[in-house]
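See below for the structure under consideration.
The values are calculated or read from the model by the stated rules, or taken from the named source; none is laboratory data. Since the structure is predicted, the reported quantities are computational estimates derived from the model, not experimental observations. Heads up, the Cβs are rebuilt from the backbone with ideal geometry, glycines too, and the neighbour counts pull from every protein chain shown. All accessible areas refer to the heavy atoms of the entire protein, side chains included, with ligands and DNA or RNA removed. Shrake-Rupley method; radii C 1.70, N 1.55, O 1.52, S 1.80 Å.
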There are 2 protein chains.
Amino acid sequence: MINGPTEALPGNRTSGKKAVLSTIRNSAPVARIDIANATGLSPATVTSITADLILRGLLEEIPPEPAFSPANANTKRGRPRVNLQLRGAAHLVAGIKFSGKTTTLVIVNFVGTRVAEYSVPTPFDVQTAQQTCDFICTTLWQGLDKNGYSISDLSGVGIGLPGIVDALEGIIRWSPTLSERDVPLRDMLQSTLGINVFVENDANLVTLAEQQFGLGKTARNFIVITIEQGVGMGIVIDGKLIRGTNGSGAELGHTKVQLDGALCRCGQRGCLEAYVGDYALLREANSIMTNPKSEQFHHPTSTEIRMQKLVAEARDGNLIALSIFRRAGRMFALGLANVINIFAPELIILSGDRMQYDFLYDADVIEDMRNSIVQFGGPPPDVRVHKWSDHMWAMGAAAYAIEGVINTELQGVKKNVV
Amino acid sequence: MINGPTEALPGNRTSGKKAVLSTIRNSAPVARIDIANATGLSPATVTSITADLILRGLLEEIPPEPAFSPANANTKRGRPRVNLQLRGAAHLVAGIKFSGKTTTLVIVNFVGTRVAEYSVPTPFDVQTAQQTCDFICTTLWQGLDKNGYSISDLSGVGIGLPGIVDALEGIIRWSPTLSERDVPLRDMLQSTLGINVFVENDANLVTLAEQQFGLGKTARNFIVITIEQGVGMGIVIDGKLIRGTNGSGAELGHTKVQLDGALCRCGQRGCLEAYVGDYALLREANSIMTNPKSEQFHHPTSTEIRMQKLVAEARDGNLIALSIFRRAGRMFALGLANVINIFAPELIILSGDRMQYDFLYDADVIEDMRNSIVQFGGPPPDVRVHKWSDHMWAMGAAAYAIEGVINTELQGVKKNVV
DNA sequence: CTATTTAATTTGATTACCAAATTAAAATAC
DNA sequence: GTATTTTAATTTGGTAATCAAATTAAATAG
């Protein structure tokens with residue numbers, strides 16, 4: 001069993017295959033000649049590499065369209081190009097999004113088409129490593145069973161969870177859902193499940209999902225902002241996901257937007273999260289709104305319900321509620337602008353599914369952000385909002401698993417024993 | 001003439017040589033066996049690659065120490081390793097730091113040893129592209145002449161200047177010293193000088209200098225902060241210098257540390273530079289210090305002299321001056337913490353030579369920074385202060401030129417014409 | 001002096017890759 | 001309808017990069 005996606009050493013002579021597969025993954029369906037142009041390989045080499053990959057069942061040709069079909073209406077003369085794509089049936093992988101609230105599972109084929117999904121509430125907010133491992137395994141087995149699959153059908157499992165994850169080592173350094181630190185979750189799961197496991201930070205997986213399936217398909221430099229409980233971020237530079245020294249980093253939620261500012265859950269002051277997180281908004285609402293309705297923002301009503309009420313207040317024109325959201329939006333714009341000033345990405349993807357965060361994706365906020373970035377270096381980044389559900393986080397985990405399976409597959413090309 | 005350092009395409013079969021040279025550059029002197037371990041290449045391959053590079057004059061073996069010398073006192077049994085290093089005499093390159101105030105030139109050999117230097121005041125703050133080109137060429141010719149060299153001795157010139165530089169295309173998108181935009185400075189210089197030219201943003205070159213010659217030699221993830229007129233930054237992730245979409249980015253000086261904060265030269269509000277730049281400090285001093293001495297902070301005294309006086313006031317215990325510096329320090333710590341929260345580098349290098357910025361490198365400031373970064377992800381980054389002069393910026397430019405010359409050299413291995 | 005240990009090299013493949021020539025499959029010209 | 005042109009893909013023949021295994025080199029330990 002080979003460990004996770006790794007770097008390409010100059011020694012391993014698979015860079016050509018990797019480049020070809022990567023091109024096909026990014027822009028399938030694609031013809032050999034385009035692969036040659038995109039990778040810089042010669043057509044001859046592309047022919048030989050693709051022939052090998054087809055033989056091994058990873059790729060397939062797309063049968064040519066019948067004449068006069070819309071697809072080749074604007075046809076040119078010359079031998080028609082034959083498009084290639086990944087062979088969906090080549091591998092089946094699972095992607096799991098684990099959080100303290102819900103655990104979501106998807107099963108996808110090799111091209112990333114979802115063939116099954118399954119979702120269960122997570123029993124506890126915080127668990128031990130062993131409990132977490134057991135729960136993930138049980139969920140996977142149940143999900144497979146309900147959809148008529150078994151673990152032996154899978155070539156890999158990708159798992160995303162919040163916190164600081166050392167993806168290369170497969171160790172969860174810290175997670176809000178774990179009562180322990182430095183948990184070797186990958187190896188624990190791998191030995192229980194008996195197949196390849198890949199773990200990553202959940203925000204990084206959303207980023208991977210955007211890169212593989214979403215708005216990031218065409219961009220080489222982009223960042224993804226996720227808003228759930230906290231504010232997460234994933235960074236892609238030159239087509240590669242950036243990780244900090246310990247797999248940590250990208251803690252946008254705890255960048256400071258105000259000196260000696262609002263108190264954050266992390267104990268520090270002025271964190272972005274302390275201005276845009278729902279607890280921060282409710283805190284403000286509690287402390288200031290003095291009309292009879294204010295009690296509804298207090299415990300023990302659930303955070304979600306109270307947030308919905310606050311949003312409703314703002315929609316009804318309550319000036320205080322509006323002011324609360326407005327400040328949060330301005331702070332968000334400031335935090336975002338800082339990232340842009342540091343990276344100059346071509347694209348920002350604001351990703352999330354909870355409607356109560358719409359105020360952060362408001363045109364005013366985007367405008368604020370645009371007015372806070374350095375102007376000289378070319379056009380400002382494109383800002384796109386992409387709303388989606390937990391399933392897409394799990395899809396990112398699946399994409400990560402596919403990447404891992406491909407690497408395993410390519411590294412597995414050992415020459416025959418003499 | 002081949003254009004600047006470029007990416008390694010999978011197609012060009014020089015990755016092994018590049019890896020070997022890179023290892024030697026990072027950790028010379030180094031034995032073949034260590035190169036093999038570091039690169040993942042087999043010892044056989046390292047032997048053959050190094051033999052070729054030695055033949056071509058790029059490398060040389062270090063003659064073994066005589067017995068009982070301190071160097072091999074703790075010797076082990078077995079065949080002794082033979083250390084390798086770059087051959088200094090292989091190439092001579094120039095590095096130039098150009099700014100609106102001073103232009104500094106160094107000439108270094110292939111291992112980065114400085115063999116000559118030359119420095120002249122830049123005649124105008126802002127110039128046209130042609131004037132800039134002419135001035136740089138003249139400076140280079142003069143500098144070479146004074147030290148007994150001629151342009152034909154050089155294999156390349158690296159040039160660093162402030163602003164937004166598209167290093168790949170060799171175009172200065174914008175610079176405070178240029179009256180025009182999108183200046184193709186590399187090609188202009190190249191056709192005038194007749195040798196390979198490489199241009200880059202000056203902060204990126206300091207970063208390169210740290211990586212090649214300085215504190216960054218051992219780190220794979222680090223950032224370099226430079227304080228001159230503005231606040232600059234260079235980012236190295238996984239051993240590679242990060243550039244934004246247009247070669248821009250890393251504008252730490254214009255990240256926002258305060259919503260609707262102090263007015264910055266760039267026209268926006270709350271930029272870090274508007275709190276730590278000398279004009280910002282003097283502005284505060286002017287507006288608030290009402291004692292008779294205050295006039296000395298006004299024009300037309302030069303910025304530098306006025307800054308020195310303000311620093312002296314603080315040293316004498318003037319509470320207002322102290323307060324001005326203290327706030328600047330806190331803001332600096334905040335901006336720095338934000339970068340760390342996003343990148344999680346293992347090392348921060350604070351680089352600069354002007355003593356009046358000592359207050360930013362104060363222990364209090366570092367402490368503030370440490371208290372503003374996310375705690376879970378492992379140890380906080382090491383913070384090192386590295387003071388040096390303009391020469392070292394120029395050394396960075398030279399290091400960049402060496403890199404470019406190496407790439408040219410390796411790409412130039414064309415097979416014989418049939 | 002012999003055995004051991006480590007570094008480096010040599011030998012003999014194998015593989016990845018490319019340039020150039022060739023074949024394939026279409027549209028267009030006549 | 002046949003020849004020509006055009007573009008894609010493949011085949012051919014060869015080169016350069018790389019490796020595994022065996023060998024040689026140069027030291028120390030006993």
Inset, instruction - Consider B:GLY57 carefully, then state whether it is more than 30 Å from B:THR138 (Cβ to Cβ), modelled with pLDDT of 90 or more, of a type in the set (Gly, Ala, Ser) and surrounded by fewer than 17 Cβ atoms within 10 Å (Cβ to Cβ). - result: yes
Legend entry - Condition check for B:ARG243: at negative phi, out of contact with any Cys (no Cβ under 6 Å at 6 or more places or on another chain) and surrounded by 19 or more Cβ atoms within 10 Å (Cβ to Cβ): yes
Inset, instruction - Find the residue count for the stretch A:152-184, including only residues that are of a type in the set (Asp, Glu) and either assigned to a strand (DSSP E or B) or farther than 18 Å from A:ASN246 by Cβ (or both). - result: 2
Inset, instruction - Could you check B:VAL111 against (1) assigned to a strand (DSSP E or B); (2) modelled with pLDDT under 95; (3) over 22 Å from B:MET233 (Cα atoms) and say which number it fails? - result: (1)
Legend entry - Residue tally, condition assigned to a strand (DSSP E or B), more than 16 Å from A:GLY396 (Cα to Cα) and without any contact (Cβ under 8 Å) to a residue 12 or more places away in the chain, over the stretch A:222-245: 0
Legend entry - Output for the stretch B:173-187, where each listed residue is open to solvent by less than 20 Å² (accessible area, probe 1.4 Å) and free of Cβ contacts under 8 Å to residues at least 40 places away in the same chain: B:SER175
Inset, instruction - Could you please find all residues in the stretch A:135-151 being part of a helix (DSSP H, G or I) and more than 15 Å from A:LEU189 (Cα to Cα)? - result: A:GLN142, A:GLY143, A:LEU144, A:ASP145, A:LYS146
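State yes or no: is B:GLU7 at pLDDT below 90 and away from every other protein chain (no Cβ under 14 Å)?
So B:GLU7 fails the test.
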Inset, instruction - Check A:ARG265 against each of (1) assigned by TED's automatic domain parsing to the domain that holds A:ALA314; (2) touching a strand residue (DSSP E or B) at 6+ places or on another chain (Cβ under 6 Å) and name the one condition it does not meet. - result: (2)
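Do we find a residue being away from every other protein chain (no Cβ under 14 Å) and farther than 29 Å from A:GLU409 by Cα anywhere in the stretch A:193-206?
For the stretch A:193-206, residues away from every other protein chain (no Cβ under 14 Å) and farther than 29 Å from A:GLU409 by Cα: absent.
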Legend entry - Count of residues meeting criterion [open to solvent by 10 Å² or more (accessible area, probe 1.4 Å) and within 12 Å of chain A (Cβ to nearest Cβ)] in the stretch B:220-230: 3
Inset, instruction - Can you tell me which residue within the stretch A:60-73, out of those that are over 18 Å from A:PHE110 (Cα atoms) and within 13 Å of DNA strand D (Cβ to nearest atom), is modelled with the highest pLDDT? - result: A:PRO63
Inset, instruction - Test A:GLN190 against the stated conditions and say whether it is surrounded by fewer than 24 Cβ atoms within 10 Å (Cβ to Cβ), under 10 Å from the mean Cα position of the chain (by Cα) and either within 14 Å of chain B (Cβ to nearest Cβ) or not in a loop (DSSP other than H, G, I, E, B) (or both). - result: no
Inset, instruction - Filter the stretch A:246-279 down to residues that are open to solvent by 20 Å² or more (accessible area, probe 1.4 Å) and in contact (Cβ under 8 Å) with a residue 60 or more places away in the chain and give me whichever is farthest from the other protein chains (Cβ to nearest Cβ). - result: A:GLN258
Legend entry - Selection status of A:ILE225, of a type in the set (Val, Ile, Thr) and more than 20 Å from A:PRO380 (Cβ to Cβ): no
Inset, instruction - Residue by residue through the stretch A:92-142, note down the ones that are within 17 Å of A:ILE406 (Cβ to Cβ) and touching a strand residue (DSSP E or B) at 6+ places or on another chain (Cβ under 7 Å). - result: A:LEU92, A:VAL93, A:ALA94, A:GLY95, A:VAL108, A:ASN109, A:PHE110, A:VAL111
Legend entry - Among (1) at pLDDT 90 or above; (2) over 12 Å from B:VAL276 (Cα atoms); (3) over 23 Å from the mean Cα position of the chain (by Cα); (4) more than 10 Å from chain A (Cβ to nearest Cβ) - the single one B:THR303 does not satisfy: (1)
Inset, instruction - Return yes or no: is B:LEU215 within 15 Å of the chain's Cα centre (by Cα) and open to solvent by 30 Å² or more (accessible area, probe 1.4 Å)? - result: yes
Inset, instruction - Being modelled with pLDDT of 50 or more and outside any helix (DSSP H, G or I) is the filter; apply it to the stretch B:10-23 and report the residue that is farthest from B:ARG56 (Cα to Cα). - result: B:ARG13
Inset, instruction - Identify the single condition in (1) modelled with pLDDT under 90; (2) over 21 Å from the mean Cα position of the chain (by Cα); (3) among the aliphatic types (A, V, I, L, M) that A:LEU360 does not satisfy, given that it satisfies every other one. - result: (2)
Legend entry - Where B:GLY239 falls short, out of the listed (1) at pLDDT below 90; (2) more than 12 Å from chain A (Cβ to nearest Cβ): (2)
Inset, instruction - Could you run through the stretch B:302-323 and say how many residues are β-branched (Val, Ile, Thr) and open to solvent by less than 10 Å² (accessible area, probe 1.4 Å)? - result: 0
Legend entry - Which numbered condition A:GLU346 fails, given (1) open to solvent by less than 10 Å² (accessible area, probe 1.4 Å); (2) in contact (Cβ under 8 Å) with a residue 60 or more places away in the chain; (3) within 14 Å of another protein chain (Cβ to nearest Cβ): (1)
Inset, instruction - Among the residues of the stretch B:75-100, write down those that are surrounded by 12 or more Cβ atoms within 10 Å (Cβ to Cβ), among the basic types (Lys, Arg) and either without any contact (Cβ under 8 Å) to a residue 40 or more places away in the chain or in contact with a Leu (Cβ under 6 Å, 6 or more places away or on another chain) (or both). - result: B:ARG87
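So is A:ALA312 within 14 Å of chain B (Cβ to nearest Cβ) and touching a helix residue (DSSP H, G or I) at 6+ places or on another chain (Cβ under 9 Å) or not?
Judged against the criteria, A:ALA312 is not a match.
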Legend entry - Top-ranked residue in the stretch B:367-390 [being more than 12 Å from B:ILE225 (Cβ to Cβ) and more than 10 Å from chain A (Cβ to nearest Cβ); ranked as surrounded by the fewest Cβ atoms within 10 Å (Cβ to Cβ)]: B:GLU367
Legend entry - Pairs, first without any contact (Cβ under 8 Å) to a residue 24 or more places away in the chain and part of a loop (DSSP other than H, G, I, E, B) in the stretch A:24-47, second away from DNA strand D (no atom under 12 Å from the Cβ) and open to solvent by 60 Å² or more (accessible area, probe 1.4 Å), C-beta under 7 Å, six or more apart: A:GLY40/B:LEU9
